[in-house]
Structures are given as C-alpha cells and as structure tokens.
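What follows is a short report on a single structure.
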Amino acid sequence: MDRIGVFFMERSIMQSRKRFTVWCALPVAVLCSALAGCIVGPKYSPPTITAPPVYKESPAQFGEIGEWTVAKPQDAVLRGKWWEIYNDPDLNALEDQLNIDNQNIRQAFENFMQARALVREARSQYFPTVGVGGSYTRSRTSSNVGSKSSTGGTSGQQTQVFSFPADVSWEPDLWGRVRNTVRAGQYTAQLTAADLENERLTEQASLAEYFFEIRGQDALQKILNDTVDADRKALEAVTAAYDTGVGDRISVVEAQTTLESAQSAAINLRIARAQYEHAIAMLTGKPASTFSIPVEPKTSAPPPIPVGLPSQLLERRPDIAAAERNMAAANAQIGVAYAAFYPALTFSASGGVESSAIKHILDWPSRFWSIGPSISETVYDGGLRRATVNQYIATYNGNVAAYRQSVLTAFQQVEDALATVGILSQQIRRQQEAVDSSQTFLRLELGRYETGIDPYIDVVIAQTTLLGNRQSLTILQVQQMTASVQLIESLGGGWDRSQLPTPAQVTQAPPKSTTMMSGTASQH
C-alpha cells in the first residue's frame with residue numbers, strides 16, 4: 001500500500017477513535033452531572049429554643065429599688081464599644097489598647113485564620129490534580145542473560161531514556177463528600193470567628209472589672225488615709241490631755257492602738273491594687289514592670305444598661321453562636337461519613353514525550369498518552385464505615401446538648417447579674433444610711449467624751465463603726481460596678497450574630513496584610 005493510502009487509513013482510524021471517545025465520554029459526563037447534584041447525609045436544621053417573654057430579675061421585681069435601673073425601651077441593645085457607656089476616658093483608652101495588643105485575642109484570631117485556610121484546603125478537592133515531571137534513565141542489560149534476539153537486539157546493550165510526563169487525576173463529587181467537607185470547614189471557621197469574639201468580650205470585661213476594682217481600692221485607700229489623719233489628731237489630743245493631767249493613760253493607749261490598726265490596714269490595700277494593675281498590664285500586652293495607672297479615688301453607680309428582650313439573647317451571645325455552628329459542622333461530618341458507603345469514580349489521564357535521544361524529544365512520534373476512568377467500592381471493612389457514622393451522629397447529639405446548655409447558662413448568667421446589680425442597689429442605699437448614722441454617732445460620742453461623760457473607748461468604738469461602714473459602702477459600690485460589667489458580658493456586649501462572617505466570606509483568601517503579620521497584633 002502506498003503512503004497516501006496509509007495516510008488516509010490512519011486518518012480514518014483516528015477520526016473513528018475520536019467519535020468513539022466522544023460517544024463514550026458523553027454518557028459518562030451526563031451521569032457525572034446528574035450525580036453531582038446528589039448529597040447524602042441528614043439535612044441540618046438548628047433546634048428550636050423558646051425564650052421567656054421577660055427577664056425574671058428585672059429591677060421592677062424588687063419593689064423598692066435604689067439608684068440603678070435598666071435602660072428604656074426594653075428592646076434596646078448595646079452596640080459597638082460597650083464600655084463607653086461608663087463615660088470614663090481612661091477606661092476607653094485601656095480597652096482600645098487591649099483590642100490591639102492582647103495576646104489571647106491574637107491567638108484566637110490566628111485560630112480563625114487557620115480555620116479559613118482549612119476551608120480552602122477542602123475546596124481544592126473540587127478540582128483536578130495536575131502534575132508534571134521529568135526524568136532521565138540510563139541502563140545496561142547483562143551480557144550473560146539471554147541471547148541475540150530475532151529482532152537483532154543483543155544482551156549487554158546500554159540504553160537511555162528522556163521522559164517528560166504529565167498526569168491529571170480528578171474524582172467528581174458524586175455523593176457530596178467534598179461539599180460536606182467544605183461546609184464543615186466553613187461552619188468550623190464561623191465557630192472560630194465566634195470564639196474570637198467571645199474571647200475578645202471576655203478580655204474586655206476582665207479589664208473593665210479590674211479597672212473598677214482599682215478605682216475602688218483607691219477609694220478605700222483614701223478612706224483609710226483620712227482615718228489615719230483623724231486618728232493621729234485624736235492621739236495628739238488625748239496625749240496632750242494626759243500630759244496636762246486631764247486625761248488618763250488608757251485613753252492614750254487606745255488612741256495609739258486605733259492609729260496603728262488604721263495604718264496597717266492602709267498598707268495592706270496596696271497588695272490588691274498592685275495585683276489588679278499587673279493584671280491590666282498583661283491584658284493590654286504590656287510588661288507589668290513598665291505599666292502603671294494613676295491613683296484616682298472614685299466610686300459611682302453604674303449607668304442604666306439596655307438589657308433588651310430575652311428573645312434577643314440568642315442572637316447576641318457569641319458563645320451561643322459558636323455552639324450552633326459546632327452543631328452545623330458536626331451535621332456536615334455525618335454526610336461525609338455516609339459518602340463512604342458509595343462508590344468512588346476517578347478520571348485519570350497521563351501523557352508526555354519520551355525518547356532515547358534528547359534531540360528527538362519534541363518529535364511527534366515521541367509522544368505517549370493514556371486515559372481512562374476507574375471505579376472503586378469498599379465491599380467489606382469490618383463495620384468501620386457504620387461505626388464512623390455512629391461516631392459523628394453521637395458527636396452531633398452531644399453538640400445539640402451543649403448548645404441547649406449554653407442557652408440555659410446564658411439566661412442564668414443574665415438573671416444572676418440582674419439580681420446582683422438590683423439587690424446591691426438596695427443594699428447600697430441602706431449602707432449609705434448606716435454611714436450617715438455612724439457619722440452622727442461619732443460626733444455625739446466625741447461630745448460626750450469631751451464633757452467627761454463617756455470614756456475614750458466609746459469614741460474608739462464609734463470610730464471603728466464609721467470606718468467599717470464606709471469601707472463596706474465602697475466595697476458594695478465596687479461590687480455593683482463589676483456586676484454591671486458582668487451583666488453586659490452576659491448580654492453579649494455590643495456583638496450580635498449579624499457580625500458573624502458568612503460561609504462565602506470565610507472561604508475567601510484573607511488580605512496579604514493579615515497573612516504576613518509582624519510580632520504585634522496591631523494589624524488585626
């Protein structure tokens with residue numbers, strides 16, 4: 001047969017192969033497209049939670065209340081920088097610094113970035129895997145094996161092969177294994193985002209509590225300093241009376257003892273203040289040795305706090321949002337486990353050029369290729385797949401219980417904080433009356449001592465009573481301020497679920513500025 005006939009015959013065969021390949025690939029493509037819409041596993045729907053209509057421990061429930069009450073209207077909520085409700089510039093500056101340099105917040109942020117990267121890792125399974133390479137092999141066969149073949153080849157021959165292959169492999173997501181994996185990753189990333197906000201809220205609330213504790217310690221210090229000054233003057237007075245023969249020795253000793261006790265108590269207060277100051281330094285990312293807060297004796301009643309409705313609490317707590325996303329991720333993992341019961345289809349193709357001489361590597365005859373699908377199915381695994389499904393079902397059920405428990409805990413914490421702030425408001429009012437009575441008691445007792453009616457020990461008792469009542473009042477005021485912070489924290493601060501990133505947002509690659517971070521958290 002002449003070359004023209006051979007050419008047309010090869011061309012006809014190649015066209016027939018192409019038509020055959022197209023007709024074979026067409027039903028496979030249609031089948032893959034149809035099955036790609038299949039996704040196994042249970043459909044996710046969060047459990048229904050019925051919130052109470054009102055909070056039980058609202059100030060109106062206490063009957064007679066003190067100075068504090070909740071803000072109106074009832075459906076109002078905190079927004080943004082919740083600590084600004086206290087109208088303290090020093091607290092505002094510290095909170096802003098915490099949001100930048102707190103290392104626990106930074107760690108939670110990096111956990112969130114890691115979860116986002118895992119989503120993109122899961123999405124990579126949607127696409128084919130393509131690999132290229134190159135190799136060179138030189139070999140020699142043994143001269144003592146075999147004999148000269150009919151084709152003219154001889155043993156002991158040396159050969160070399162230059163090869164540049166490319167491989168493509170793709171497994172279509174027929175049963176939703178990849179889609180469920182991606183969804184689980186997205187929900188987990190949302191969970192870490194909620195954890196980040198919960199960690200941020202926890203650190204912010206801790207700083208505010210420590211800040212008000214320091215203000216309370218400063219107020220207590222001022223009370224004791226004033227007491228020391230008053231006791232010193234009293235000691236001077238009774239000493240002068242004793243020196244002139246009017247007073248007695250026991251009065252001097254009692255005055256001296258009272259002064260020394262007040263001085264000792266004043267010194268002891270420095271311990272708590274130093275510890276609170278060191279704690280704030282850590283929260284703001286500063287070494288405790290280089291950080292200090294100016295002394296400012298100050299106590300006040302907390303401002304009205306917008307509590308809102310109980311039904312809003314489920315949308316405002318980041319820990320509840322995290323628990324709900326944890327359920328969604330566990331539900332998606334059940335789908336991943338179910339997909340293992342179905343066969344896996346893989347399309348593989350390889351091709352490239354290969355030649356024993358490098359100069360012929362790009363010649364048309366040097367090409368080679370192979371293509372073909374493969375299907376595999378596990379027939380027996382000793383119950384592994386069924387156990388895996390049961391494992392994820394149990395995990396999901398456990399997460400449902402954890403979600404319900406987090407909701408119950410949230411309502412408990414709000415009610416606890418409401419009761420604490422409201423009841424302390426009443427107690428502070430009564431304690432203020434006790435302070436006023438103590439001051440009257442001391443003034444009257446001083447008059448009776450100066451006229452010689454009562455001994456000096458009665459003055460000491462009146463002084464001790466006044467000091468104790470003033471200290472108790474300050475401690476109660478600090479407790480009320482810290483309880484108001486705990487109330488805000490239990491309400492979720494200024495966060496709500498609308499700030500949670502969507503699945504599409506956590507799938508996107510973060511900006512370069514957040515992936516190439518320096519040693520500080522200032523780029524958050």
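Summary table
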quantity	calculated
The one condition in (1) open to solvent by less than 40 Å² (accessible area, probe 1.4 Å); (2) in contact (Cβ under 8 Å) with a residue 40 or more places away in the chain that Pro373 fails to fulfil	(1)
Residues satisfying the stated conditions in the range 427-439, i.e. free of Cβ contacts under 8 Å to residues at least 40 places away in the same chain and either part of a loop (DSSP other than H, G, I, E, B) or open to solvent by less than 50 Å² (accessible area, probe 1.4 Å) (or both)	Ala434, Val435, Ser438
Criterion violated by Asp231 - all others in (1) among the acidic types (Asp, Glu); (2) open to solvent by 20 Å² or more (accessible area, probe 1.4 Å); (3) modelled with pLDDT under 90 satisfied	(2)
Among residues of the range 270-303, those that are in a loop (DSSP other than H, G, I, E, B), under 28 Å from the mean Cα position of the chain (by Cα) and farther than 13 Å from Asp88 by Cβ, counted	5
Breaking point among (1) closer than 30 Å to Gln431 by Cβ; (2) crowded, with 22+ Cβ neighbours inside 10 Å; (3) of a type in the set (A, V, I, L, M), for Ala339	(1)
Val353 vs. criteria more than 32 Å from the chain's Cα centre (by Cα), outside any helix (DSSP H, G or I), more than 28 Å from Arg385 (Cα to Cα) and at pLDDT below 90	yes
Filtered residues of the range 456-481 (kept if touching a residue at least 40 places away in the same chain (Cβ under 8 Å), farther than 15 Å from Ala219 by Cα and open to solvent by less than 50 Å² (accessible area, probe 1.4 Å))	Tyr456, Val459, Val460, Gln463
Of all residues in the range 244-267 being under 26 Å from Lys222 (Cα atoms) and of a type in the set (D, E, K, R), the one that is surrounded by the most Cβ atoms within 10 Å (Cβ to Cβ)	Glu254
Some residue of the range 314-333 being open to solvent by 30 Å² or more (accessible area, probe 1.4 Å), polar (S, T, N, Q) and within 30 Å of Arg497 (Cβ to Cβ)	yes
Residue list for the range 183-214, restricted to those being open to solvent by 10 Å² or more (accessible area, probe 1.4 Å) and over 21 Å from Glu110 (Cβ atoms)	Arg183, Glu209, Tyr210, Phe212, Glu213
Qualifying residue in the range 380-387 (condition: over 22 Å from Gln486 (Cβ atoms), open to solvent by 60 Å² or more (accessible area, probe 1.4 Å) and in a helix (DSSP H, G or I))	yes
So Arg448, is it under 30 Å from Ser58 (Cα atoms) and open to solvent by 60 Å² or more (accessible area, probe 1.4 Å)	no
Unmet requirement for Leu259, which otherwise passes all of (1) in a helix (DSSP H, G or I); (2) touching a Lys or Arg at 6+ places or on another chain (Cβ under 9 Å); (3) closer than 30 Å to Ala71 by Cα	(3)
Residues (in contact with an Asp or Glu (Cβ under 9 Å, 6 or more places away or on another chain), on the phi < 0 side of the Ramachandran plot and either without any contact (Cβ under 8 Å) to a residue 24 or more places away in the chain or buried (at least 18 other Cβ atoms within 10 Å of the Cβ) (or both)) located in the range 280-291	Leu283, Thr284, Ala288, Phe291
Hey, Ile453 in a loop (DSSP other than H, G, I, E, B), farther than 30 Å from Arg317 by Cα and open to solvent by 40 Å² or more (accessible area, probe 1.4 Å) or not	yes
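Let's see how each residue does on (1) within 21 Å of Val40 (Cβ to Cβ); (2) assigned to a helix (DSSP H, G or I):
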{"residue": "Ala330", "(1), (2)": "yes, yes"}
{"residue": "Phe341", "(1), (2)": "yes, no"}
{"residue": "Thr346", "(1), (2)": "yes, no"}
{"residue": "Leu362", "(1), (2)": "no, no"}
{"residue": "Pro365", "(1), (2)": "no, yes"}
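The values are calculated or read from the model by the stated rules, or taken from the named source; none is laboratory data. Note that this is a predicted model, so its numbers are computed, not measured. No Cβ is skipped: glycine too gets one built from the backbone with ideal geometry, and neighbour counts run over all protein chains shown. What goes into the accessible areas is simple: the full protein's heavy atoms, side chains included, and nothing from ligands, DNA or RNA. Shrake-Rupley method; radii C 1.70, N 1.55, O 1.52, S 1.80 Å.
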